[in-house]
Amino acid sequence: MRKISIIGAGGWGTALALVAARAGNRIHLWAHSSEVASLLRRERENKVYLPGFTLPEAVAPTSDLAEALGDVELVLTALPSHVCREVYTQMLPYLHPQMIFVNATKGIEIATQMRMEEVVRDVLRDYFEPRYVVLSGPSFALEVAKDEPCAIVAASSSSNWAKTAQEAFSTNRFRVYTNNDVIGVEVGGAIKNVMAISTGAVNGLGLGYNSAAALVTRGLAEMTRLAMRLGGKAETLAGLAGMGDLVLTCFGNLSRNRHVGYELGRGRKLEEIISEMREVAEGVKTARAAHGLATEMGVEMPITTAVYQMLYEDKSPRELMIELMERPLKSERV
């Protein structure tokens with residue numbers, strides 16, 4: 001049994017708390033809002049973000065970071081990427097070098113174009129070098145909460161840290177593989193959300209599987225190019241954190257990012273779509289960060305650019321589809 005702190009009581013953080021409890025651990029589940037934490041303690045159910053699942057006795061909800069981080073071995077963050085730096089800064093007084101930090105956030109910081117590993121190291125580097133693991137892969141929170149079979153990846157530069165996370169979260173229904181390619185896993189987890197917006201837009205336009213399959217496949221090529229330019233491995237993008245998560249997010253009806261794209265394809269405005277959503281669609285912010293990063297690195301990412309233009313330059317999905325199809329002919333492997 002391990003003592004684990006899960007920072008972030010949205011749908012994904014709550015689902016991971018259920019997994020960690022099933023694996024025999026004791027968990028502090030931290031919610032930013034004291035009202036949400038009180039509701040979780042009183043109702044023993046996350047009626048706001050993941051209704052229908054009773055929190056086991058092993059899960060202790062709190063909004064107090066000192067309480068959440070006291071005497072724990074693993075600190076797992078399941079936060080929107082745009083608040084990751086802020087929350088880690090708030091946690092600093094309660095962190096120590098012996099902790100293993102497991103990141104379950106999928107995104108890129110807009111202002112700095114940093115991956116989440118880089119954000120965490122940037123916050124902690126003046127204090128200690130963090131033991132960092134990224135947890136990613138095809139995993140809708142609702143299906144994980146239902147205890148449906150699922151397989152994901154724990155990646156770290158240290159095999160020991162990856163194995164610790166693997167052992168802490170693995171059950172006979174939640175299978176965790178290890179990997180040493182943090183860059184590839186994080187790029188896959190971030191960019192697949194952008195591709196899900198594009199695929200949703202194609203569906204919203206009324207187009208079929210041919211168009212969606214083409215986008216997903218060429219989207220994987222973009223993800224791979226960026227990951228390799230940053231130092232990741234192509235084979236990682238062919239695995240669970242790349243192709244696996246991409247397929248899930250692009251075709252799954254539970255995907256928030258696909259939903260955003262679908263509604264844009266139907267002609268609705270982004271602000272209206274976002275205002276109706278309870279949780280963050282990471283691809284909206286990641287599209288801006290990824291577009292800037294690709295431009296800076298000189299990596300060709302036409303689908304990412306198209307999603308950026310659709311979200312931030314008000315170009316229509318149909319216009320962008322035509323532009324993508326009329327790009328100069330080339331080899332598939334370029």
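Some points to look at:
- Residue count for the range 207-224, restricted to those that are surrounded by fewer than 20 Cβ atoms within 10 Å (Cβ to Cβ) and closer than 23 Å to V134 by Cα: 1
- Index of the failed condition, S139 passing every other in (1) surrounded by 19 or more Cβ atoms within 10 Å (Cβ to Cβ); (2) in contact with a helix residue (DSSP H, G or I) (Cβ under 8 Å, 6 or more places away or on another chain); (3) assigned to a helix (DSSP H, G or I): (3)
- Any hit, the range 197-214, residues being out of contact with any strand residue (DSSP E or B) (no Cβ under 7 Å at 6 or more places or on another chain) and within 20 Å of A154 (Cβ to Cβ): no
- Residue check for K192: charged (D, E, K, R) and under 17 Å from the mean Cα position of the chain (by Cα): yes
- Scope the range 142-169; condition assigned to a helix (DSSP H, G or I) and not small (G, A, S); matching residues: L142, E143, V144, N160, W161, K163, T164, Q166, E167, F169
- Single unsatisfied condition, T164 versus (1) touching a strand residue (DSSP E or B) at 6+ places or on another chain (Cβ under 7 Å); (2) of a type in the set (S, T, Y); (3) without any contact (Cβ under 8 Å) to a residue 60 or more places away in the chain: (3)
- Matching entry among R327, R288, R333, R278 (being modelled with pLDDT under 95 and under 25 Å from the mean Cα position of the chain (by Cα)): R278
- Residue satisfying all of: in the range 82-102; within 17 Å of P130 (Cβ to Cβ) and touching a residue at least 40 places away in the same chain (Cβ under 8 Å); nearest to the chain's Cα centre (by Cα) among these: V102
- Summed over the range 8-33, residues that are closer than 13 Å to A104 by Cα and outside any helix (DSSP H, G or I) total 3.
Residues are listed down the side, and each one gets a yes or a no for (1) in contact with a Gly (Cβ under 9 Å, 6 or more places away or on another chain); (2) surrounded by 14 or more Cβ atoms within 10 Å (Cβ to Cβ):
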position: R44; (1), (2): no, yes
position: V48; (1), (2): yes, yes
position: P61; (1), (2): no, yes
position: A66; (1), (2): no, no
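- Residue under evaluation A154, criteria (1) over 15 Å from I183 (Cβ atoms); (2) within 15 Å of the chain's Cα centre (by Cα), criterion not met: (1)
The values are calculated or read from the model by the stated rules, or taken from the named source; none is laboratory data. Everything quoted here is computed from the prediction, not taken from an experiment. FYI the Cβ positions are ideal-geometry reconstructions off the backbone, even for glycines, and counts take in every protein chain you see.
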